[in-house]
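Okay, so here's the structure we're looking at.
The values are calculated or read from the model by the stated rules, or taken from the named source; none is laboratory data. Everything numeric in this text was worked out from a predicted model, so none of it was measured. Quick reminder, even Gly has a Cβ in these numbers, built from the backbone with ideal geometry, and neighbours come from all protein chains shown. Surface accessibility is based on the protein's heavy atoms, side chains included, excluding ligands, DNA and RNA. Shrake-Rupley method; radii C 1.70, N 1.55, O 1.52, S 1.80 Å.
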Amino acid sequence: MRLFTFLLLLASSLASAQPEPFDCEGSAPHRQFDFWLGEWEVHNAAGELQGHNLIDKVQRGCALSEQWRSVRGGSGQSLNWYDPGSGQWRQLWLDAGASIIDINGGLQQDGAMLLVGTIYYLNAGTQHPFRGRWTPLEDGRVRQFFEQQDDAGAWQTWFEGFYSRKQ
């Protein structure tokens, strides 16, 4: 019986040693990317449907999960989180086309989220500077604009999409 009592006391002390979870829902920096939350249809500038995207809060609101489905059959996902150590947002994107995007940054004065970093093409074994900008528009849509830097140093449009909330 003493062993059982000892184990209960040990378990109780270990449980009390665990820190309380952080309240990401109540943290203003963790809410900066909330304008992107939702279920979306994504169109190009000409209005043609490009795909569907679902952005959800995960891990008690401490991160955003993205699930992308292209109309051409491609898919991808990202995890987005605010890093209090750097004071920046971070996105790690992986897609079925064997590319990885690793970018970070933050909310701009105009309310847009700007993240900058690198895209890796696994099949080609190459990498390029990369940046993405998410801008909330007055009509409730979100514009996503991605650029990749070419070998000459010029920025080229990689993707432009206009997110409309799915009805």
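Based on this model, can you work out whether Tyr121 counts as over 15 Å from the mean Cα position of the chain (by Cα) and either surrounded by 15 or more Cβ atoms within 10 Å (Cβ to Cβ) or of a type in the set (Ser, Thr, Tyr) (or both)?
Criteria met by Tyr121.
Are there any pairs, at least 6 apart or on different chains, whose C-beta atoms fall under 9 Å, with the first in the stretch 27-41 and among the basic types (Lys, Arg) and the second surrounded by 15 or more Cβ atoms within 10 Å (Cβ to Cβ), and if so, which?
Here the result reads Arg31/Cys24; Arg31/Gly61; Arg31/Tyr82, each pair linking the stretch 27-41 to a residue that is surrounded by 15 or more Cβ atoms within 10 Å (Cβ to Cβ).
Which residue, of Asp102, Asp110, Asp83, Asp56, is touching a strand residue (DSSP E or B) at 6+ places or on another chain (Cβ under 7 Å), under 20 Å from Arg141 (Cα atoms) and charged (D, E, K, R)?
Asp56
Looking at the stretch 83-92 only, could you name the residues that are in a strand (DSSP E or B) and surrounded by fewer than 16 Cβ atoms within 10 Å (Cβ to Cβ)?
Asp83, Leu92
For the subset of the stretch 93-115 comprising residues that are closer than 19 Å to Phe35 by Cβ and of a type in the set (A, V, I, L, M), which member is most open to solvent (accessible area, probe 1.4 Å)?
The first filter runs over the stretch 93-115 and keeps only residues closer than 19 Å to Phe35 by Cβ, leaving 93, 103-115.
Checking the rest, the ones that are also of a type in the set (A, V, I, L, M) come to 103, 107, 112-115.
Details: Ile103: 1, Leu107: 74, Ala112: 0, Met113: 0, Leu114: 48, Leu115: 1 Å².
Across the stretch 93-115, the extreme among qualifying residues is Leu107.
Scan the stretch 108-116 and give yes if some residue there is part of a strand (DSSP E or B), aliphatic (A, V, I, L, M) and more than 28 Å from Asp23 (Cβ to Cβ), otherwise no.
yes
If the Cβ limit is 7 Å and pairs must be 6+ apart or interchain, which residue in the stretch 144-167 that is more than 18 Å from Asn53 (Cβ to Cβ) pairs with which residue that is among the hydroxyl-bearing types (Ser, Thr, Tyr)?
Going by the 7 Å Cβ cut-off, the qualifying pairs are Glu147/Thr157.
Taking the stretch 117-130, which residues are outside any strand (DSSP E or B) and among the hydrophobic types (A, V, I, L, M, F, W, C)?
Leu122, Ala124
Applying the selection to the stretch 131-155, what residues are in a loop (DSSP other than H, G, I, E, B) and either more than 17 Å from Met113 (Cβ to Cβ) or open to solvent by 70 Å² or more (accessible area, probe 1.4 Å) (or both)?
Within the stretch 131-155, Glu138, Asp139, Arg141, Asp150, Asp151, Ala152, Gly153, Ala154 qualify.
Specify which of the listed residues (Val58, Val71) is exposed (fewer than 15 other Cβ atoms within 10 Å of the Cβ), more than 23 Å from Gln148 (Cβ to Cβ) and β-branched (Val, Ile, Thr).
Going through Val58, Val71 in turn, just one is exposed (fewer than 15 other Cβ atoms within 10 Å of the Cβ), more than 23 Å from Gln148 (Cβ to Cβ) and β-branched (Val, Ile, Thr): Val58.
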